[in-house]
1. Under a crude label model (7 Å from the Cα following the beta-carbon direction), how far is E99 from K71 in nanometres?
2. How are the C-alpha pair distances of the stretch 30-89 spread across 5 Å bins, as whole percents from the shortest bin up?
3. Go ahead and estimate [θ] at 222 nm for the chain from helices alone: -39,500 (n - 2.57) per DSSP H run with n ≥ 4, summed, over the residue count, rounded to 500.
4. If ligands, DNA and RNA are left out, what is the accessible area of S112 with a 1.4 Å probe, given in Å² to the nearest 10?
5. So which chymotrypsin sites (Phe, Trp or Tyr not before Pro) in the stretch 8-61 end up in coil per DSSP with only 14 or fewer other C-beta atoms within 10 Å?
6. Just to confirm, what accessible area per residue do you get for the stretch 34-80 at 1.4 Å probe, in whole Å²?
7. Efficiency by 1/(1 + (r/R0)^6): what FRET value for C39 and S6, r their Cβ-Cβ distance, R0 = 25 Å, to the nearest 0.05?
8. DSSP loop (so not H, G, I, E, B), at most 16 other Cβ within 10 Å: list which trypsin sites (Lys or Arg not before Pro) in the stretch 33-63 pass both filters.
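The values are calculated or read from the model by the stated rules, or taken from the named source; none is laboratory data. Quick caveat, the model's predicted, so the values are computed rather than measured. Virtual Cβ from ideal backbone geometry, glycine too; neighbours counted across all protein chains shown. All accessible areas refer to the heavy atoms of the entire protein, side chains included, with ligands and DNA or RNA removed. Shrake-Rupley method; radii C 1.70, N 1.55, O 1.52, S 1.80 Å.
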Amino acid sequence: GWEQLSENLFVTPALPYAGGEECFLVVYSSKGPIIISGCCHCGPEAVMDKVARKFDRDPRAFIGGVRLGKKEKKKAKAYADAFIARGRPELHLNHCTTEIGMTELRTHLGLSEVDNFYAGTTIEFEV
């Protein structure tokens with residue numbers, strides 16, 4: 001089940017994917033939940049749905065990777081559709097999303113909708 005680490009910090013239950021399971025950190029901010037992802041092998045829709053059910057609110061931001069690389073235009077479209085369906089959370093992506101993956105997401109979401117969030121970048125949210 002869900003683990004609560006502090007007043008505003010949670011860990012999701014393990015979400016399955018073809019190669020195993022993964023968990024996500026969720027910070028509950030004053031404007032809604034923020035998902036912190038490693039690779040998101042299960043796809044962003046699965047974790048956003050899980051978070052929305054837990055907090056009765058769509059995520060306000062998604063930080064980390066969504067495992068999206070070369071030759072994955074259909075997957076990029078599906079991910080973009082999932083982000084749109086969940087109210088267009090702020091996207092601060094890195095790691096396994098790859099630059100090509102971010103470009104594909106920008107094709108569907110717009111140039112300013114996908115933020116490169118690389119090592120050393122900081123962001124603040126009010127809790």
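1. Between E99 and K71, the label points sit 2.0 nm apart.
2. Pair shares across the bins are 4, 20, 31, 26, 13, 5, 2, 0.
3. When only DSSP H runs of four or more count, the value is -9000 deg cm²/dmol.
4. 110 Å²
5. Filter output for the stretch 8-61: empty list.
6. About 48 Å² of surface per residue is accessible.
7. 0.55
8. When the trypsin sites (Lys or Arg not before Pro) of the stretch 33-63 are filtered for loop state and at most 16 Cβ neighbours within 10 Å, R57 remain.
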